[in-house]
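Novice: Take a look at the following structure, please.
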Amino acid sequence: MTGSAPLAGGGCRTAPVLKERGQREVFCGLTGIIWLHRKMQDAFFLVVGSRTCAHLLQSAAGVMIFAEPRFATAILEEGDLAGLNDAHDELDREVARLLARRPDIRQLFLVGSCPSEVIKLDLGRAAERLTEAYAPKVRVLNYSGSGIETTFTQGEDACLASMVPVLPATDKRELMVVGALPDVVEDQMLGLLRDMGIENVRCLPARSITSDVAVGPNTVFALNQPFLGDTCGALERRGARHIPAPFPFGEAGTTAWLRAIADEFGVSDEMFAAATDAPRARASRAIAQASKHLQGKSVFFFPDSQLEIPLARFLTNECGMTAIEVGSPFIHDAIVGPDLELMEAGPVISEGQDVDLQLDRARAARPDLTVCGLGLANPLEAEGLTTKWAIELVFTPVHFYEQAGDLAGLFSRPLRRKGLISGLDPRLEAAE
C-alpha cells in the first residue's frame, strides 16, 4: 500500500481530465436538508417548491407520522406557478404561521427548488424582508436546493455559503472546520485536535446559532467534505485561509489531514504521535480486516457526490484496489488536488458526465465494483456488474480513524454478497 507522501510526477494531479458535458443522472440539492436539519438543532428548512419536493424529503428522511421534523415544504400551487397569486404574500403568511407555532426556531432557511427558480421567485429579497421583521430572534437566510444544474451534495455547500456573509468578524487566530459531520464523529475529531493542543476550534455548521463561530483574517479553515467549493470561496472572501489537505477517509487520509493542521499550528512530532498513534493503529487493523475482499479488485466511479476522488485515493492506497475511472461532477483542484497527488497515475479522471458514453466505458471495462447513483445501480446489476450506491457514502459516518474500517466494509460488502449468492467462494460465508 502507498503511504501519504505525494507521488513523483504529481500522481493523478497532473493527469489529463476527460471533461464531459452531456446527460447526467443526479439527485437534487434538497437532499442535503436530511443531514443538515439533524445537525443544526435550532434551524428550520422551509422548501419553496412543489408536492414532488415534499414527497422527496419525506421519502429520504423516513419521517414517521408522529415526528415533528425541522423541515417542511411551502407548496407552490397552480395559481402560484401561473402568476395568479402573489407568492411573496403567501410566503410571508406561511412563515408567520410557522414561527408562531415553533418559537424554538432561531435560524430559518428559505430553500429554493426547481419550481421556485423557474418562476423566478426572489427568495433573497424575501429573506431580507423577513429578517427585518423577525430579527434579532430569528435569522432568515436563503439558498438554492435546485437540481437543475447541480448535484445533490451542493445543497450543503449552498447552505453553508449562505451563512458565511453573516458570521461575526474576529481577529482571533482560530481554526474553523467546515462541513457537516454526525455529532459523534465531530466529537472524535475535536478530541484529536485537543490532544494535539489545538483548542480554538470552531465548526461550520455549528449545532446552534449561539455557538461562537466567527471569521476574519486570522482564521484558517480545513474542509472535511470535498464538495464545499462555494463555501471555501466565501470564507476566503472574508479573509480566511484554506489549509489544503487530503480528506480524512481511512488511516492515511485522516493522518494527512491532521498533519496539515498540526503543521499550521506548530504541533511537535512528539505531541502529534501521542495523539494519533493509538487510533492510527486501530484504523489500520480495521481496514486490513475489512478490505480482504477488496485486494486486487477493480473499481469504477460514476460522478455523483464529489466524494469520488478522496474515496478512490482511499481504495487504491489503503485497500489495494485498482481504479479504472474516477468520475466526479466537478473537480476543484485546490480542494481535491492533495488527494489526486497521492493516487498513482493510471485511472481515467473525468469531470462532468455524458451518461451514455460513461456507461459504454463501464460495460467495456467490466469492473469488479461500480460506484454509482441509484438510477444506474439496478440496470447495471441486471447486466452482471456489482454496484455500490454512492449516496450511502454520504449518509453513513465514514470520516476519521474510528470509522475507517466501516468505510472499507461499505465497499467490500457488495463483493462478499455477490460471492455468497454465486457460491463461488466458500470463504465468504465465514466472513459474513
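Novice: Given the residues LEU167, LEU130, LEU141, LEU160, which is the only one that is within 17 Å of ASP89 (Cβ to Cβ) and in contact (Cβ under 8 Å) with a residue 12 or more places away in the chain?
Specialist: Only one candidate passes the filter, namely LEU130.
Novice: Quick test of your reading of the structure: GLU432 fulfils all but one of (1) buried (at least 19 other Cβ atoms within 10 Å of the Cβ); (2) at pLDDT below 90. Name the failing condition by number.
Specialist: It fails just one condition, (1).
Novice: Can you tell me which residues in region 228-238 are crowded, with 21+ Cβ neighbours inside 10 Å and in a loop (DSSP other than H, G, I, E, B)?
Specialist: Result: LEU228, single match.
Novice: Tally the residues that are open to solvent by 10 Å² or more (accessible area, probe 1.4 Å) and either β-branched (Val, Ile, Thr) or closer than 25 Å to ASP356 by Cβ (or both), restricting the search to region 388-418.
Specialist: 6
Novice: If I filter region 28-42 down to residues being part of a helix (DSSP H, G or I) and closer than 22 Å to ILE148 by Cβ, which single residue comes out as most open to solvent (accessible area, probe 1.4 Å)?
Specialist: This residue is TRP35.
Novice: Does GLU270 fit the bill of being surrounded by fewer than 17 Cβ atoms within 10 Å (Cβ to Cβ) and touching a His at 6+ places or on another chain (Cβ under 8 Å)?
Specialist: no
Novice: Would you confirm whether any residue within region 248-257 is free of Cβ contacts under 8 Å to residues at least 24 places away in the same chain and either of a type in the set (Gly, Ala, Ser) or surrounded by fewer than 24 Cβ atoms within 10 Å (Cβ to Cβ) (or both)?
Specialist: no
Novice: Quick check on this structure: which one of VAL336, VAL299, VAL326 is part of a strand (DSSP E or B), closer than 15 Å to PHE247 by Cβ and in contact (Cβ under 8 Å) with a residue 12 or more places away in the chain?
Specialist: Being part of a strand (DSSP E or B), closer than 15 Å to PHE247 by Cβ and in contact (Cβ under 8 Å) with a residue 12 or more places away in the chain holds for just one of VAL336, VAL299, VAL326, which is VAL326.
Novice: Whether any residue in region 239-261 is touching a strand residue (DSSP E or B) at 6+ places or on another chain (Cβ under 8 Å), more than 30 Å from LEU385 (Cα to Cα), basic (Lys, Arg) and in a loop (DSSP other than H, G, I, E, B) is what I want to check.
Specialist: No, region 239-261 contains no residue that is touching a strand residue (DSSP E or B) at 6+ places or on another chain (Cβ under 8 Å), more than 30 Å from LEU385 (Cα to Cα), basic (Lys, Arg) and in a loop (DSSP other than H, G, I, E, B).
Okay, residues lined up against (1) surrounded by 15 or more Cβ atoms within 10 Å (Cβ to Cβ); (2) over 30 Å from MET343 (Cα atoms); (3) in contact with a Gly (Cβ under 6 Å, 6 or more places away or on another chain); (4) modelled with pLDDT under 95:
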position	(1), (2), (3), (4)
ALA169	no, yes, yes, no
ASP187	no, no, no, no
ASP195	yes, no, no, no
PRO226	yes, no, no, no
PRO246	yes, no, yes, no
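Novice: Here is a follow-up. Tell me, please, whether a residue that is of a type in the set (A, V, I, L, M, F, W, C), modelled with pLDDT of 95 or more and within 29 Å of ALA262 (Cα to Cα) can be found in region 358-372.
Specialist: Within region 358-372, none of the residues are of a type in the set (A, V, I, L, M, F, W, C), modelled with pLDDT of 95 or more and within 29 Å of ALA262 (Cα to Cα).
The values are calculated or read from the model by the stated rules, or taken from the named source; none is laboratory data. Note that the structure is a prediction, hence the values are computed from the model and not measured. Neighbour counts are summed over all protein chains in view; Cβ atoms, including those assigned to glycine, are modelled from backbone coordinates with ideal geometry. Note: accessible area is taken over every heavy atom of the protein model, side chains too, but ligands, DNA and RNA are not part of it. Shrake-Rupley method; radii C 1.70, N 1.55, O 1.52, S 1.80 Å.
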